[in-house]
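Asker: Input: one structure, supplied below.
Quick note: the coordinates plus some simple rules give every number you see, no bench work behind them. This structure is a prediction, so every number in the text was calculated from the model and none was measured. With ideal geometry, Cβ positions are generated from the backbone for all residues, glycine too; neighbour counts draw on all protein chains shown.
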Ligand code: C2E
Ligand code: MG
Ligand code: MG
Ligand code: MG
């Protein structure tokens, strides 16, 4: 028998439970308190336009500062949030906080910057999702044209009437939709014809080892041709080297993101980065 770290409830651990299971139960219990205790925060990673390298949008990336464990990465706690249903309150918080942040930037003179927000398939499938997006826009005063939602192919797997309706309702008010981690899902490509999508975001795994005469080169080039042929714009994520950047610009990749450009930043750091970037571009 053991008491959960920092918790008020008792959980009974049996002998068969391994460390992973226990850690998971603890994280689950701690996550319930994380929002209320202000342990969640957002970093913002710049996404720039090819050629000009002008800032187009920032991707909001969630972090959890756990009181004992330090920073827990989203790939560890988002799945827990999804399984427990906590993703709904966390998702709403992300929408509101990120929209508010970009409005603050607009007020500080960074006009024209958009915000890209990751949306879990669970969150998207919630019947109140459209309302939640509208609430975040109303709360922050953000114009919908500045909001990009990043959905994964998991959402497209289910290209039911309902999915189409929700996506249309969002794009009709001016919200843009990106397909995140494009190329790694199990969905067919047919949804690209039927759904209102604006941007394909090529998964980092194709960019990581991108070089001329590699299979990844052929894949990335094909995605680019297909995306542009469908009238979509294409983003590459995870750019870490100048070679990768040059190859992608050579392929006419519209938007670029990755540590080579800049890592995810705190809001103040983003403004500093912009000032610095501006001074080197002039
Ligand atoms: P993602 O949406 O595909 O985000 C890109 C991930 O790649 C981020 O990891 C980012 O920090 C990382 N990254 C960006 N550039 C580079 C690079 O050049 N090299 C490498 N090695 N990595 C790079 P992060 O922040 O750990 O987020 C992981 C995933 O967690 C995200 O993948 C997204 O699926 C999910 N996530 C993050 N924030 C949220 C959120 O607010 N809500 C939801 N539902 N999911 C989120
Ligand atoms: Mg993303
Ligand atoms: Mg991605
Ligand atoms: Mg990814």
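Asker: Between the helical axis of 87-107 and the dominant principal axis of the chain, each derived from Cα atoms, what acute angle in degrees is found, rounded to the nearest 10?
Answerer: 50
Asker: Among 145, 38, 209, which one shows the highest mean-square fluctuation when the chain is modelled as a Gaussian network with alpha-carbon springs under 10 Å?
Answerer: Between 145, 38, 209, it is 38 that shows the largest mean-square fluctuation.
Asker: Counting other beta carbons within 10 Å of each Cβ, put 17, 224 in order, fewest first.
Answerer: Ascending number of Cβ neighbours within 10 Å: 17, 224.
Asker: Expressed as a rounded percentage, what relative contact order does the chain have, with Cα pairs under 8 Å and six or more residues apart?
Answerer: Computed over the chain, the figure is 16 percent.
Asker: Once the piece of chain linking residue 228 and residue 112 is laid out straight, how much longer is it, given 0.36 nm per residue of separation minus the C-alpha distance between them?
Answerer: Full-extension gain reported as 39.4 nm.
Asker: Further question on the same structure: Taking the chain as the reference, fit the longest principal axis to its C-alpha atoms, fit the long axis of helix 74-84 to the helix C-alpha atoms, and give the angle between the two in degrees, 0 to 90, nearest 10.
Answerer: 60
Asker: So in the chain, what percent of DSSP beta bridges are antiparallel if you round to the nearest 5?
Answerer: Looking only at bridges with both residues in the chain, the antiparallel portion is about 45 percent.
Asker: Where both residues lie in the stretch 85-207, what percent of DSSP beta bridges are antiparallel, nearest 5?
Answerer: About 0 percent, rounded to the nearest 5.
Asker: Still on this structure, please answer the following. What percent do you get for the relative contact order of the stretch 169-237 when only Cα pairs under 8 Å and 6+ apart count?
Answerer: It rounds to 33 percent for the stretch 169-237.
Asker: Could you work out the helix-only [θ] at 222 nm for the chain, with each DSSP H run of four or more residues adding -39,500 (n - 2.57) and the total divided by the number of residues, to the nearest 500 deg cm²/dmol?
Answerer: Counting only the DSSP helices, I get -13500 deg cm²/dmol.
Asker: In the Gaussian network model of the chain, springs joining C-alpha atoms below 10 Å, which of 21, 241, 163 carries the largest mean-square fluctuation?
Answerer: 21
Asker: Using Cβ counts within 10 Å as a stand-in for footprinting exposure, how do 146, 186 rank, fewest first?
Answerer: With the sparsest Cβ surroundings first, the list reads 186, 146.
Asker: So which residue, out of 223, 22, 78, gets the largest mean-square fluctuation from a GNM of the chain using Cα contacts under 10 Å as springs?
Answerer: Maximum among the listed residues: 22.
Asker: Once you put a point 7 Å from the Cα of residue 219 and another 7 Å from the Cα of residue 36, both along the Cβ direction, what distance in nm separates them?
Answerer: For the pair residue 219/residue 36, the computed spacing is 4.4 nm.
Asker: Angle check, please: helix 129-140 long axis (alpha carbons) against the longest principal axis of the chain (alpha carbons), in degrees 0 to 90, nearest 10.
Answerer: With both axes taken from Cα atoms, the answer is about 80 degrees.
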